[in-house]
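Novice: Before anything else, here's the structure in question.
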Amino acid sequence: MPVDVRELPVFARRLRQARERAGISQRELSRRMSLDPDKSGPRMSQYESGVHMPHLETIEALAKHLDVPVAFLFADSDRLAQMILTFSKLSVANQERLLRALKRKS
């Protein structure tokens, strides 16, 4: 029986979302991270199913290879996740402008 993705832990959901957004398989992500091929497929599956939580260094590497900020992987709402992705793609100058505008509104 398929697992309802909404029932998975936040990290597992966001990792899968980021990987699918990048258009790569679990095996390919493992290969890009130079993980042991015999263990990497099952390990990546365990991360995405919420069975195991990777160490911080692995989380940082996953984020880098998936071109997302680490914060995206822990965003507990879809709106926040989208905001993090969008904000991270802005230039530093535009990030500063947006932050100033948001501070004025709050």
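Novice: Which one, Leu66, Met53, Ser30, projects farthest toward the positive side of the charge dipole computed for region 5-105 from Cβ point charges (K/R +1, D/E -1)?
Specialist: Looking along the dipole axis, the top candidate is Leu66.
Novice: Something else: Which angle from 0 to 90°, rounded to the nearest 10, does the C-alpha axis of helix 56-66 make with the longest principal axis of the chain?
Specialist: Long axis of 56-66 versus the principal axis of the chain: about 80 degrees.
Novice: Just going by the charge dipole of the chain, with Lys and Arg at +1 and Asp and Glu at -1 on Cβ, which of Ile84, Leu15, Asn94 is farthest out on the positive end?
Specialist: Asn94
Novice: Let me ask something else. Measure nothing but the geometry: give the 0 to 90° angle between the long axis through the Cα atoms of 10-22 and the longest principal axis through the Cα atoms of the chain, rounded to 10°.
Specialist: Once rounded, one gets 90 degrees.
Novice: Moving to a separate point now. Summing Lys, Arg as +1 and Asp, Glu as -1, what charge do residues with Cβ under 14 Å from the Cβ of Leu66 carry, Leu66 excluded?
Specialist: Here the charged neighbours net out to +4.
Novice: Looking at (i) 153; (ii) 87; (iii) 116, which value of volume of the Cα convex hull per residue in Å³ comes from a calculation on the structure shown?
Specialist: Entry (iii).
Novice: So if I place +1 on the C-beta of Lys and Arg and -1 on the C-beta of Asp and Glu, and nothing else carries charge, what would the dipole magnitude of the chain be about its Cα centre? I want it in debye, nearest 20.
Specialist: 580
Novice: On to the next question. For Ser106 and Val70, what does the FRET efficiency come to when R0 = 22 Å and r is the distance between their Cβ atoms, rounded to the nearest 0.05?
Specialist: 0.35
Each value in this text was obtained by applying a stated rule to the coordinates, not by laboratory testing. Quantities reported herein were computed from a predicted structural model and do not represent experimental measurements. Every residue, glycine as well, gets a Cβ built from its backbone with ideal geometry; the counts of neighbours run over all protein chains shown.
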